[in-house]
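S.K.: Starting off with a structure, shown below.
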Amino acid sequence: MKILVTGGAGFIGSALVRYLIQYTDHTVVNVDNLTYAGHLESLESVSSSDRYHFEKVDICDDLEIRRILTNYRPDAVMHLAAESHVDRSIDGSAEFIRTNINGTHILLEESRSYLHQLDGHQKKGFRFLHVSTDEVYGSLGNEGFFTEETPYDPRSPYSASKASSDHLVRAWFHTYGFPALITNCSNNYGPHQFPEKLIPVVILKALQGEKIPVYGTGENVRDWLFVDDHAKALVKVLMDGEVGETYCIGGHNELRNIDVVEIICDTLNKILPKKTGGDYKDQITFVSDRPGHDFRYAIDASKIERELGWKPLETFETGIHRTVQWYIENIDWCEAVTKNTYNMERLGIG
């Protein structure tokens, strides 16, 4: 297949592109506008492949999207391009509305027009996979899990914009018979994640000897999914999922934020002990909570396991060890992607 991936230079997108090039025979067209969180450095291992093509294009540019679809004639679109950081959405929502809602609308319309130009086997087999988040479902209490049937209840500008894009995709399926699928995933972590999210921030702050910030009391709970497991799940849904269906993807690793931070510190203590002695946990500092901070997310991923045979391979312990080791060995990458764009300052304090 020839697969068009939007946002393929981002964290999850680059993991997906690397997986497709390294472990399948598919051709990839990577469409990315290279905003602050999109970096071609994350794709150096596959960039020389003759099955990899890159187009620096904004998904809100309908003429450029039309050109790419017409020239490359993909068999599928995997739509990952999005503004994705809750804290940034609190400070400035406009770009989230533009990219996540308007950009998705343009992709849907241009893909629908492109589909009408196809015939035979290619038209019958075309798929549009929209990649979304569990944050559209709102916040859980101490018990229960998000499923594909959970009502939407977004509570941040980011999650509201993603919920809107999900609704657009479903509307295009029901109204136009457009062959779309949706996935909603839990928190991703792993190598190549831009250092604004919890796990890379903790690793880098610890290594720099700085205070490790933990929002509130650290009791907020997330389900953690290793990014390579997620990439495999997305390919599985694209190839074997049923059009019109939604699949929740989770890592079966439900942890409080403070537990995550302490596990990272313990891992660093083993891999790279401080030269002066001491425990990285001594750097933990509690800071004012995020406005409207959702208490708990947890995914019931039984549908994708039951129907498509996917389940995560990494435990949090194995995944976090791989992640910490990668950041230790790739400080140059961190410096390159944050240069002149982000100095790891606190965002989203309203």
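The values are calculated or read from the model by the stated rules, or taken from the named source; none is laboratory data. Given the structure is predicted, the values throughout are model-derived calculations rather than measurements. Using ideal geometry, Cβ is built from the backbone for each residue, glycine included, and neighbour counts are taken over all protein chains shown.
S.K.: So, in region 161-172, how many residues would count as being buried (at least 20 other Cβ atoms within 10 Å of the Cβ), hydrophobic (A, V, I, L, M, F, W, C) and out of contact with any His (no Cβ under 7 Å at 6 or more places or on another chain)?
M.R.: So the count comes out to 2.
S.K.: Taking the condition of being in contact with a helix residue (DSSP H, G or I) (Cβ under 7 Å, 6 or more places away or on another chain) and surrounded by fewer than 19 Cβ atoms within 10 Å (Cβ to Cβ), how many residues in region 306-321 meet it?
M.R.: 4
S.K.: Please find, among Ala76, Ala37, Ala94, Ala81, the residue that is surrounded by fewer than 16 Cβ atoms within 10 Å (Cβ to Cβ) and either modelled with pLDDT of 95 or more or in contact with a Phe, Trp or Tyr (Cβ under 8 Å, 6 or more places away or on another chain) (or both).
M.R.: Among Ala76, Ala37, Ala94, Ala81, only Ala94 is surrounded by fewer than 16 Cβ atoms within 10 Å (Cβ to Cβ) and either modelled with pLDDT of 95 or more or in contact with a Phe, Trp or Tyr (Cβ under 8 Å, 6 or more places away or on another chain) (or both).
S.K.: Since Glu44 meets every condition but one in (1) surrounded by 15 or more Cβ atoms within 10 Å (Cβ to Cβ); (2) under 20 Å from the mean Cα position of the chain (by Cα), which condition does it not meet?
M.R.: (1)
S.K.: For region 123-134, give me the residue count where each residue is touching a residue at least 60 places away in the same chain (Cβ under 8 Å) and touching a Phe, Trp or Tyr at 6+ places or on another chain (Cβ under 7 Å).
M.R.: Adding up the residues that qualify gives 1.
S.K.: Return the residues of region 279-305 that are assigned to a loop (DSSP other than H, G, I, E, B) and touching a helix residue (DSSP H, G or I) at 6+ places or on another chain (Cβ under 9 Å); say none if nothing qualifies.
M.R.: Asp279, Arg290, Pro291, Gly292, His293, Asp294, Tyr297, Ala298, Ala301
S.K.: Would you mind finding the one in Gly241, Gly250 that is under 20 Å from the mean Cα position of the chain (by Cα) and surrounded by fewer than 24 Cβ atoms within 10 Å (Cβ to Cβ)?
M.R.: Testing whether each residue is under 20 Å from the mean Cα position of the chain (by Cα) and surrounded by fewer than 24 Cβ atoms within 10 Å (Cβ to Cβ) leaves just Gly241.
Rundown of residues vs (1) among the polar types (S, T, N, Q); (2) over 23 Å from Ser93 (Cα atoms), yes/no style:
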position	(1), (2)
Ser139	yes, no
Asn142	yes, yes
Phe145	no, yes
Asp153	no, no
Ser165	yes, no
Pro191	no, yes
Pro200	no, yes
Lys211	no, yes
Tyr215	no, no
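S.K.: Here is a follow-up. Of the residues Thr175, Thr217, only one is of a type in the set (S, T, N, Q), at pLDDT 95 or above and not in a strand (DSSP E or B); which?
M.R.: That would be Thr175, the only listed residue that is of a type in the set (S, T, N, Q), at pLDDT 95 or above and not in a strand (DSSP E or B).
S.K.: Which residue pairs have Cβ atoms closer than 7 Å, lie 6 or more positions apart in sequence or on different chains, and pair a first residue in region 298-310 that is under 19 Å from Arg222 (Cβ atoms) with a second residue that is among the hydroxyl-bearing types (Ser, Thr, Tyr) and assigned to a loop (DSSP other than H, G, I, E, B)?
M.R.: Every condition considered, the pairs that remain are Ile299/Ser186; Asp300/Thr147.
S.K.: Just a yes or no: is a residue in region 117-126 closer than 16 Å to Tyr247 by Cβ, not basic (Lys, Arg) and not in a loop (DSSP other than H, G, I, E, B)?
M.R.: Within region 117-126, not a single residue is closer than 16 Å to Tyr247 by Cβ, not basic (Lys, Arg) and not in a loop (DSSP other than H, G, I, E, B).
S.K.: Turning to a different aspect of this structure: Here are some conditions: (1) touching a Lys or Arg at 6+ places or on another chain (Cβ under 8 Å); (2) free of Cβ contacts under 8 Å to residues at least 40 places away in the same chain; (3) of a type in the set (Phe, Trp, Tyr). Tyr19 meets all but one. Which one does it not meet?
M.R.: Unmet for Tyr19, out of (1) touching a Lys or Arg at 6+ places or on another chain (Cβ under 8 Å); (2) free of Cβ contacts under 8 Å to residues at least 40 places away in the same chain; (3) of a type in the set (Phe, Trp, Tyr): (2).
S.K.: If we scan region 35-54, do we find a residue that is in contact with a Leu (Cβ under 8 Å, 6 or more places away or on another chain) and within 19 Å of Val235 (Cβ to Cβ)?
M.R.: yes
S.K.: For region 50-69, does any single residue satisfy the condition of being among the basic types (Lys, Arg), more than 20 Å from Asn184 (Cα to Cα), within 20 Å of the chain's Cα centre (by Cα) and surrounded by fewer than 17 Cβ atoms within 10 Å (Cβ to Cβ)?
M.R.: Yes, some residue in region 50-69 is among the basic types (Lys, Arg), more than 20 Å from Asn184 (Cα to Cα), within 20 Å of the chain's Cα centre (by Cα) and surrounded by fewer than 17 Cβ atoms within 10 Å (Cβ to Cβ).
S.K.: If you take the residues in region 178-212 that are assigned to a loop (DSSP other than H, G, I, E, B) and in contact with a strand residue (DSSP E or B) (Cβ under 7 Å, 6 or more places away or on another chain), which one is surrounded by the most Cβ atoms within 10 Å (Cβ to Cβ)?
M.R.: Ser186
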